[in-house]
Amino acid sequence: MSTAGQVIKCKAAVAWEPGKPLTIQDVDVAPPKVHEVRIKIVATGVCHTDWEYLYESGKGMKSRPFPLVLGHEAAGIVESVGPEVTKFSPGDKVIPLFLPQCGECERCRSPKTNQCRKNWANMQLGVMADGTSRISYKNQQLYQFLGVSSFSQYTVVPDTSLTKIRCDAPLDKVCLLGCGVSTGYGAAVKTAKVEKDSSCAVFGLGAVGLAAVMGCQVAGAKRIIGVDINPDKFEKARVFGATECINPRDHEKAIQEVLVEKTGGGVDYALECVGSPVIMNAALESTAEAWGTCVIAGWTETETMNIMVEKILMGRTLKGTYFGGWKSVEDVPKLVDDYMNKKLKLDEFITHNLTLDQINVAFDLLKSGKSIRTVISL
């Protein structure tokens, strides 16, 4: 493209400091360096994690450096590639990935994990492999959230943190596979390995939780119980496959006791999609003694769980999942194919479509529980 090798001026939503709304600025996006790709972001989802790093920084989340360009759930088109990039070309449709897959390290070669650590430490600090960011405002460096920063019309990512997808995929839908839907769906089908005719409980019916419900249904679970304190989400949960929904506030007993009673001993699988240690405990204790499995998909970095040892000793399994267990570069295009072949829902997650200058509205909708996923068009 004519912009290759040049600095691109574009719009981005900048978080100047924790706890303050984002502001739309004209930023400079530098050309990609070795093993980097510059992308024109077409659409980005607004994830709860983006909101948390802005408004909960230093609470349940480790502090990130500011000023920061948030956004990590996106899809776009390759604008240009840096030296030594062999797998991407200008015009390719792509999904940037906050979880890399280099394909060469011990973790990438193991079928047991998806947790590649290529450029990991730097990406957590908001910079590229050389220790700097590619986005700046009046020569001031803006840090890149998880190495992505999709709340910008253009961004630069490492070539190991990007996957090419089919050219007929609608970017304003498949962007959701960059985080929330993949995480929840994989938590059920890949990490929990939900079995046919089993019983499941999903705690939290946001995008991740609804994707987990969908995963339980695809796996053939017979009973899928959605748990949320917002009853407005129950109708949507049934669309994704919930057989029943429970509001913990409607019961005097603890929710885990309610579930154990309802299921005659506890569910086979519980999926925690909130990120609260209290709810994690409730999810674990709602599973059946002897074989119950609880998977933690909700995100918190600094809080601790306090588990009664007997709950594990008696045969339960407690597992965590990151990005649903998917190996990012190779699995995300398969999920795109599943969507295109109508094996996976995406449109049903999208409750709002907004533009970049409405990004703070999207955060308000998320916080108030009025949206499942807002997609921002850039």
Among residues of the range 59-84 being of a type in the set (A, V, I, L, M) and part of a strand (DSSP E or B), the residue farthest from Pro158 (Cα to Cα) is Met61
In the set Tyr137, Tyr154, the lone residue that is in contact with a strand residue (DSSP E or B) (Cβ under 8 Å, 6 or more places away or on another chain), farther than 22 Å from Val34 by Cβ and among the hydroxyl-bearing types (Ser, Thr, Tyr) is Tyr137
>> Condition check: at pLDDT below 95, in a loop (DSSP other than H, G, I, E, B), surrounded by fewer than 18 Cβ atoms within 10 Å (Cβ to Cβ) and of a type outside the set (Phe, Trp, Tyr). Does Glu17 satisfy that?
In response: yes
Checked pairs for the range 135-146, first surrounded by 15 or more Cβ atoms within 10 Å (Cβ to Cβ), second modelled with pLDDT under 95, C-beta under 6 Å and 6 or more apart or across chains, list as Tyr143/Pro65; Tyr143/Gly126; Gln144/Gly126; Leu146/Met123
Filter pass, Thr155 being over 23 Å from Cys273 (Cα atoms), under 18 Å from the mean Cα position of the chain (by Cα) and not in a helix (DSSP H, G or I): no
Subset of the range 85-106, residues assigned to a strand (DSSP E or B) and more than 22 Å from Thr132 (Cβ to Cβ), comes to Lys93, Val94, Ile95
Exactly one of Pro83, Pro90, Pro31, Pro65 is surrounded by fewer than 19 Cβ atoms within 10 Å (Cβ to Cβ) and closer than 17 Å to Phe151 by Cα, and that one is Pro65
Discussion item. Any residue that is surrounded by fewer than 18 Cβ atoms within 10 Å (Cβ to Cβ) and in contact with a strand residue (DSSP E or B) (Cβ under 7 Å, 6 or more places away or on another chain) - is there at least one of those in the range 169-185?
Written reply: no
Check the range 246-254 and report whether any residue there is in contact (Cβ under 8 Å) with a residue 24 or more places away in the chain, in the same structural domain as Gly204 (by TED's automatic domain parsing) and within 19 Å of Gly215 (Cβ to Cβ).
no
Selection from the range 327-373 of residues hydroxyl-bearing (Ser, Thr, Tyr) and either without any contact (Cβ under 8 Å) to a residue 40 or more places away in the chain or in the same structural domain as Cys102 (by TED's automatic domain parsing) (or both) yields Thr351, Thr355, Ser368, Ser371
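One line per residue, one yes/no per condition, for (1) part of a loop (DSSP other than H, G, I, E, B); (2) modelled with pLDDT under 95; (3) under 20 Å from Ala188 (Cβ atoms):
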{"site": "Gln217", "(1), (2), (3)": "no, no, yes"}
{"site": "Ala221", "(1), (2), (3)": "yes, no, yes"}
{"site": "Leu259", "(1), (2), (3)": "no, no, yes"}
{"site": "Leu271", "(1), (2), (3)": "no, no, yes"}
{"site": "Met280", "(1), (2), (3)": "no, no, yes"}
{"site": "Met305", "(1), (2), (3)": "yes, yes, no"}
Checking Val85, Val14, Val94, Val42 in turn, the sole residue that is β-branched (Val, Ile, Thr) and more than 24 Å from the chain's Cα centre (by Cα) turns out to be Val85
Reported set for the range 206-241 where residues are closer than 17 Å to Ser286 by Cα, crowded, with 21+ Cβ neighbours inside 10 Å and touching a residue at least 40 places away in the same chain (Cβ under 8 Å) is Gly209, Ala212, Cys216, Ala221, Ile225
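The values are calculated or read from the model by the stated rules, or taken from the named source; none is laboratory data. As the structure is a prediction and not an experimental result, all values here were calculated from the model. As a convention, Cβ positions derive from the backbone with ideal geometry for all residues, glycine included, and neighbour counts pool all protein chains shown.
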